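Structure first, then comments.
Laboratory data are not the source of any read-out in this text; all were calculated from the coordinates shown. All values reported here derive from a predicted model rather than from experimental measurement. Cβ sites come from the backbone with ideal geometry, for glycine too, and all protein chains shown count toward neighbours.
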Amino acid sequence: MPIYRAPVEDVLFLLDDVLHYERYGNLPGFADASRDVVEAVLNEGAKIAEQVLQPLNLVGDREGCKRAADGSVTTPKGFKEAFKAYGEGGWISLPMPAEYGGQALPHVLSQAVSEFMNSANQAFAMYPGLTSGAVAAILARGSEEQKQLYATRMIEGRWTGTMNLTEPHCGTDLGLLKTKAVPNGDGSYSITGQKIFISAGEHDMAENIIHLVLARIEGAPAGVKGISLFIVPKFEVSNDGAIGKRNAVVCGSLEHKMGIHGNATCVLNYDGAKGWLLGEANKGLAAMFVMMNEARLGVACQGLAQSEAAYQNAVEYARERLQGRSISGVKEADKAADPIIVHPDVRRMLLEIKAFNEGARAFMLWTALEADILHRSPDENARKAADDHLGLMTPVLKGVLTDIGFDNAVKAQQVFGGHGYVGEYGMDQFVRDARIAMIYEGANGIQALDLVGRKLPKDGGRAVMAFFKKVGDYVQEKSADENLKPFAAPLGKALGDLQKATMWFMANGMKNPDNAGAGSSDYMHLFGLVALGYMWAQIAEGALARKARDPSQAAQMDAKLTTGRFFVERMLPETSLRLQRIETGAATMMAMPAEAF
Ligand SMILES: Cc1cc2nc3c(=O)[nH]c(=O)nc-3n(C[C@H](O)[C@H](O)[C@H](O)COP(=O)(O)OP(=O)(O)OC[C@H]3O[C@@H](n4cnc5c(N)ncnc54)[C@H](O)[C@@H]3O)c2cc1C
């Protein structure tokens, strides 16, 4: 049976010593989230992740969801009860505004908890995760009536939410969308069409499901400019929230898929279902982007979460599995062989995962704090800078954390040798579950294009220049410190590679857009490495400070410093390779005729 321990200590270290949570104390609502409250919430979150959700992970994988002839869907044994406990425990309402029944606690706290939940059981965590995303869209674009009617009940955990973009012929290219909406004359619309791949699209865990559906109002312009967003409840509801008649939306089938078996991925058939416009007509994509941006960060978290869960199991196995002798001399002579953790190549795999996980966790929490600034700060300039940060970092986090998260699940499986490939230890599930995060919420190739094509040039490059300045100033300041130089100097070199790649795109991407497309994935990973390097320099700084302040923590902090050195010595240099690839441009790959592949 796989194990999982929520990394509460690491989150507290990052908040206390690296991100300096106390500096955010002036933000509205942060006073209610004192250090004690933060620790208590993390410990409670760890408990539900470890004791309620994790034991259901394997059950969900083995059992999967089942659809009956009438289109109803049953979730795996235990999911329904767990969802009730989850909602009642306030895990959906944690960061939501108080006026709609939320607890208004900092987003950074819910981000940390969300990692625990996704590590414990990604397929389960998607139900509340999608609900939170749908709530964000309703709160951002809905009327006061819609917020009161739908959002409050979703925040409570009584109703769940979904996002409906994809159609059989329409995935990345939403301009092809066909689902249509016809006005009924009473303010409602009749929605007709087929959506596929809809996560959490039908289930037995909540009283109602609120589908957010992209559709085209009759006569609307072609392409993305004619798309609107609709609220389509599974059951119609009266103004006081009472459940009414069944709406004309039915689960036509469940997708047979590689992983996340506990999450119902549905074909949803809309046959004149009653829906209500959310936000303005023909501005549906912008409204859906509120949900998608939230969901992209949620998916980034899934990449980290699977990497962490797989890692913990691999470490435990590597400490116990006896094979071969250490090449530098026997380590455990009383045993038939040494544990495989003595072998450098096994250590390489484990440290690559560990260094990624701890850096990526800092990166996610840093970005979550920026989201708190965006939503809470009274200072307009601070809000603008935070908005720039989120816009720039969302594709980087989504693309990099999920690509590497999957690689790490495979690496952790590799530590088990053949025992990872067979089902006994559950390592195959981490690999299968992690795989989807690279695909949905915009496949990672699309994240890379979003970064290079939209986020870099936006506002004259304001966001990227601010990031370069932040990292550049940090490098300059810390290079004089002998203890931090081993981290600051390689970071400076990596930043230089990123700046050169950015200049290269400016010079070559405009005159031939294929040059930008050809290098975009490398650029996204180069960007991610610099961001992780920046995190690791600050983690090292925090570890040195903590060690000086509290010698009882020396062993843990030394482990941090060793992990950080591993990152800058063995992982960060990949920036040069990425830059070299980018600078070769598109000529060779575009020279290949399609029929010659
Ligand atoms: C398990 C699962 C759950 C899902 N959940 C949901 C959900 O809840 N709601 C929802 O609406 N959808 C959902 N999806 C759909 C998912 O978001 C899409 O699969 C994804 O957006 C990609 O669309 P597609 O599969 O049609 O691929 P395509 O768009 O056909 O893309 C195929 C490949 O071509 C690449 N590509 C496409 N266009 C370009 C371009 N212009 N430039 C460069 N490369 C390009 C893509 O990166 C990809 O690698 C889910 C999918 C799965 C498998």
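Taking all Cα pairs closer than 8 Å and separated by 6 or more residues, the relative contact order of the stretch 146-225 comes to 39 percent.
In this Cβ point-charge picture (+1 for Lys and Arg, -1 for Asp and Glu), the chain has a dipole of about 900 debye about its Cα centre. Grab the DSSP H runs of the chain that are 4 residues or longer, score each as -39,500 (n - 2.57), total them, divide by all residues and round the 222 nm result to the nearest 500 deg cm²/dmol. Theoretical 222 nm ellipticity from helices: -17000 deg cm²/dmol.
Checking every one of the trypsin sites (Lys or Arg not before Pro) in the stretch 248-342 against DSSP loop status and a limit of 12 other Cβ atoms within 10 Å picks out Lys335. Counting only Cβ charges, +1 for Lys and Arg and -1 for Asp and Glu, the dipole size of the stretch 176-292 around its Cα centre is about 380 debye.
Think of the stretch 468-597 as a dipole: +1 on every Lys or Arg Cβ, -1 on every Asp or Glu Cβ, centred on the Cα centre; then among Trp504, Pro490, Ala596, Pro490 lies furthest on the positive end.
Couplings for the stretch 495-509, taken from phi via the Karplus curve 6.51 cos²θ - 1.76 cosθ + 1.60 with θ = phi - 60°, read 4, x, 4, 5, 5, 5, 4, 5, 4, 4, 5, 4, 7, 10, x Hz in order; Gly and Pro are left as x. Measuring nothing but how far apart in sequence close Cα pairs (under 8 Å, 6+ apart) lie, relative to its length, the chain scores a relative contact order of 13 percent. The length gained by stretching the chain between Ser328 and Asp345 to full extension, at 0.36 nm per residue less their Cα-Cα distance, is 4.8 nm. Helix 427-436 and the long axis of the chain differ in direction by around 60°, with both axes built from C-alpha atoms. Amide H contacts for Asn247 (H built 1.01 Å from N in the peptide plane; partners 5 or more residues away or on another chain; cut-off under 5 Å): Phe235, Glu236.
Phi-derived couplings, Karplus 6.51 cos²θ - 1.76 cosθ + 1.60 at θ = phi - 60°, listed residue by residue for the stretch 457-472: x, 3, 6, x, x, 4, 5, 5, 5, 5, 5, 4, 5, 4, 5, x Hz, with x used for Gly and Pro. Model label sites at Glu81 and Asp36, defined 7 Å from Cα along the beta-carbon direction, differ in position by 3.4 nm.
Each of Tyr474, Tyr189 was scored by other Cβ atoms within 10 Å of its Cβ. Listed from fewest to most, they are Tyr474, Tyr189. Between Ala489 and Phe597, the simple spin-label model (points 7 angstrom out along Cα→Cβ) gives 4.5 nm.
If both residues of a DSSP beta bridge must be in the chain, then about 80% of such bridges are antiparallel. Which GluC sites (Glu not before Pro) in the stretch 339-430 pass both tests, a DSSP loop state and at most 14 other beta-carbon atoms within 10 Å? Filter output for the stretch 339-430: empty list. Rounded to a whole number, what is D in µm²/s for the stretch 242-348 from Stokes-Einstein with the Kirkwood radius over alpha-carbon pairs (25 °C, 0.890 mPa s)? Using the Kirkwood radius from Cα pairs, D works out to 125 µm²/s. Towards the positive end of the charge dipole of the stretch 90-162, with charges on Cβ (+1 Lys, Arg; -1 Asp, Glu), say which of Trp159, Trp91, Ala140 has the farthest Cα. Farthest towards the positive end: Trp159. Restriction of the trypsin sites (Lys or Arg not before Pro) in the stretch 377-453 to DSSP coil positions whose beta-carbon has at most 16 other beta-carbons within 10 angstrom yields no sites. What do you get for the angle between helix 554-566 and the principal long axis of the chain? Use alpha-carbon atoms, 0 to 90 degrees, nearest ten. For helix 554-566, the angle is close to 80 degrees. Within straight-line reach of Lys257, meaning a Cα separation under 21 Å, sit the following lysines at least 8 residues removed in sequence or on another chain: Lys66, Lys77, Lys195.
Per-residue Karplus couplings for the stretch 346-356, computed as 6.51 cos²θ - 1.76 cosθ + 1.60 with θ equal to phi - 60°, are listed in order as 5, 4, 4, 4, 5, 6, 4, 6, 4, 5, 5 Hz, Gly and Pro entered as x.
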